[in-house]
1. All but one of (1) more than 21 Å from residue A:514 (Cβ to Cβ); (2) under 40 Å from the mean Cα position of the chain (by Cα); (3) assigned to a helix (DSSP H, G or I) hold for residue A:560; which doesn't?
2. Could you list all residues from the stretch A:88-116 that are over 20 Å from residue A:158 (Cα atoms), assigned to a helix (DSSP H, G or I), out of contact with any Lys or Arg (no Cβ under 9 Å at 6 or more places or on another chain) and within 14 Å of DNA strand B (Cβ to nearest atom)?
3. Using beta carbons and a limit of 6 Å, which pairs, at least six apart or on different chains, have the first residue in the stretch A:210-229 and touching a residue at least 60 places away in the same chain (Cβ under 8 Å) and the second one within 6 Å of DNA strand B (Cβ to nearest atom)?
4. For the stretch A:231-239, check the following and say yes or no: at least one residue is within 14 Å of DNA strand B (Cβ to nearest atom) and touching a residue at least 60 places away in the same chain (Cβ under 8 Å).
5. Hey, any hits in the stretch A:505-527 for a residue that's under 30 Å from residue A:396 (Cα atoms) and over 22 Å from the mean Cα position of the chain (by Cα)?
6. Identify all residues within the stretch A:131-162 that are among the aromatic types (Phe, Trp, Tyr) and either away from DNA strand B (no atom under 11 Å from the Cβ) or in contact with a strand residue (DSSP E or B) (Cβ under 6 Å, 6 or more places away or on another chain) (or both); write none if there are none.
Amino acid sequence: MMKRKALNLCIAPGQAAAGGTTSSTTDTTLTSLAPNPKPHLALQSLVAAAAPTTVTINHNPIFSHMKFRTGSGFLRNNMNNTNNNINNLDDALSLYKQMVQMRPLPSIIRFNQLLGRIVKMKLHYFAVVSLFRDMCTVGIRVDEYTLCIVINCYCLLNQVGLGFSVLAGFFKRGFTPDVATFTALLKGLFRQGKVPVAQELFKKVINEKLCEPNHVMWGTIIDGLCKVGNNEKAVEFLRVMEKRRCKPDVVAYSTLIDSLCKDKLVDDAISLLYEMIGKGVAPNVVTYNCLIQGLCSLSKWKEAVKLWNQMEECNITPNVITYNILIDTFCKEGRVKEAKDVLTNMIRRGENPNVFTYNSLMDGYCLLGRIDEARRVFYGMLTTGLGPDVLSYSILINGYFRKKKMEEAMNLFREIPLKGLTPNTSIYNTVLQGLFRMGSYVNAREVFNEMQAAGLQPDFHTYCVMLDGICKSGHVDEALQLFCSMEADGVDLHLTMYTIILDGMCKSGRFNAAQDMFNSLSLKGLDPNCVTYTTMVNGLCLEGLLTEAKEFVKKMEENGCSANSVTYNVLVQGLLKGGQYDDAMLYCEEMMQRGMTLDSCTFSVLLDSFKESENDPSLLKIIQKYSRSGKKSKS
DNA sequence: ATAAGGCTAA
């Protein structure tokens, strides 16, 4: 218990890193051996630029559930073998505890290995920071590697400002930050969108010769530029790299290829593939995975299969990810049969399916309404030694809700904690949406409260599902209450949320209130989008204000927001219901010119109006036109 | 022989 106190360190803003001080950089012991004798001076302005406006670190009670395994052979077995058998945080912490008590202390390398191991778990970056702090307190002499690991963790926690404060620890200890250090910082800056600071840091690295950039650093910059959505700049960097000694490697090309694919520029991505091959850089599985994923997400899976074959010809072995991409794509296209063929193929070739594989398959079955088969996959996972994860539950629960089988869905939901899994916000969102769709308003409210009681913060989706569900179950005033309390809680009120509320108001006869709210949007700095406008057009139609509705459509186009098929359908329905058949016909013609079609709802309103109007000729014209075009598109 | 870059699901 005593030791735990030493471990249970939550970072306070002022003493963020590197043993406490952040500004005592007056170390003069740096010798001329270093490329730049005073890098800290060069970096001072950047430290300020990268600093967060407010420093907040979530208090992570990682040690509160820490269970020490005692009296077993576990720790002894791990003494000589740091890297193996450490599969979870508890194991790592136990080992750490054992290590700090050893005399003499294990070398810093062993500690670094342990920290690195925790980083690779991808979940416990803050634990690494805490352990580092403890190491400093206990008096273990950390080295450059340790500090670099900590910087990386801060960056992964989106706390690049704190990462920079670790730099002070470098200077204090007489270490010189190297290319790995700066690379980690650059990654952190890009992750938080601080592109100008990243650029400045890179400039300084070059101009002041803080280190020699290598492949990893260039790769990080290219990835960073891609991730902030600046492909052009990333290409520029690639071109600069081509002219330098440090030529782009597979990673640099693949990064860019992936980014192009994600922006649907698959053709450009493929050109880049051939370009790299032409320059003698051999693509690898990752390169092909990016391209196959890019093609698949555009539903061009036949071309994806071509690339797959090309890849095989080059003797590049597909990995789990490659198989999963194909399986997932086939499932999403409703081709579970093909997906299963890929699965069989993959097992035959000795690649083990993982949870992703089975989740995709389950999703495919659910999409086809074949819930029993989905369930069989779910339980089949257990027999292969894999455990369903929270996403597996979410998929199956969603499937049951689609089948309107609320009880099965909720039983599964209740099972999650019993299996040692922790429900996350996303699964709560699934359940809430399902419950609302079932009209189970009371249960949904309960689950919403339960979620907050469990310490889960509702996210954007949660709020949208709640607001929409409450409105659609006829409790608009309550939705407004929730909306107000969200505002009071400082929730960032997104346009979508306003649109949901506006829709609720319009559909419940509170049009004037809706109009007031709509007019107030610009004061809040929100620009209505097409959905918002359409919601209001619908509101006007419901009020019988058809002239205003037509003007509204004109107005939205003037505001640079072009009406889509939904807008027109809403307007046409309104006109039909209001008996303005000639106008309805005009708008239908406009729709045809724009390549839009009447949805089934509008069409049935059209037929109703036709009957009611005792065969109005304008309506007959529309019906004929659409029947004809319907036949044409079928043939 | 301990640190830094690319690909799967939502």
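The values are calculated or read from the model by the stated rules, or taken from the named source; none is laboratory data. Nothing here was measured: the structure is a model prediction, and the numbers come from that model. With ideal geometry, Cβ positions are generated from the backbone for all residues, glycine too; neighbour counts draw on all protein chains shown.
1. Of (1) more than 21 Å from residue A:514 (Cβ to Cβ); (2) under 40 Å from the mean Cα position of the chain (by Cα); (3) assigned to a helix (DSSP H, G or I), only one is false for residue A:560: (3).
2. A:109, A:110, A:111, A:112, A:113, A:114
3. Filtered contacts from the stretch A:210-229: A:211/A:178; A:211/A:179.
4. no
5. No, the stretch A:505-527 contains no residue that is under 30 Å from residue A:396 (Cα atoms) and over 22 Å from the mean Cα position of the chain (by Cα).
6. A:132, A:154, listed by residue number.
Every residue, every condition in (1) closer than 23 Å to residue A:397 by Cβ; (2) within 16 Å of DNA strand B (Cβ to nearest atom); (3) not charged (D, E, K, R); (4) not assigned by TED's automatic domain parsing to the domain that holds residue A:297, yes or no:
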site: A:313; (1), (2), (3), (4): no, no, no, no
site: A:330; (1), (2), (3), (4): yes, yes, yes, yes
site: A:336; (1), (2), (3), (4): yes, yes, yes, yes
site: A:363; (1), (2), (3), (4): yes, yes, no, yes
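Yes/no per residue for (1) more than 22 Å from residue A:468 (Cβ to Cβ); (2) touching a Cys at 6+ places or on another chain (Cβ under 9 Å):
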| site | (1), (2) |
| --- | --- |
| A:544 | yes, no |
| A:557 | yes, no |
| A:563 | yes, yes |
| A:569 | no, yes |
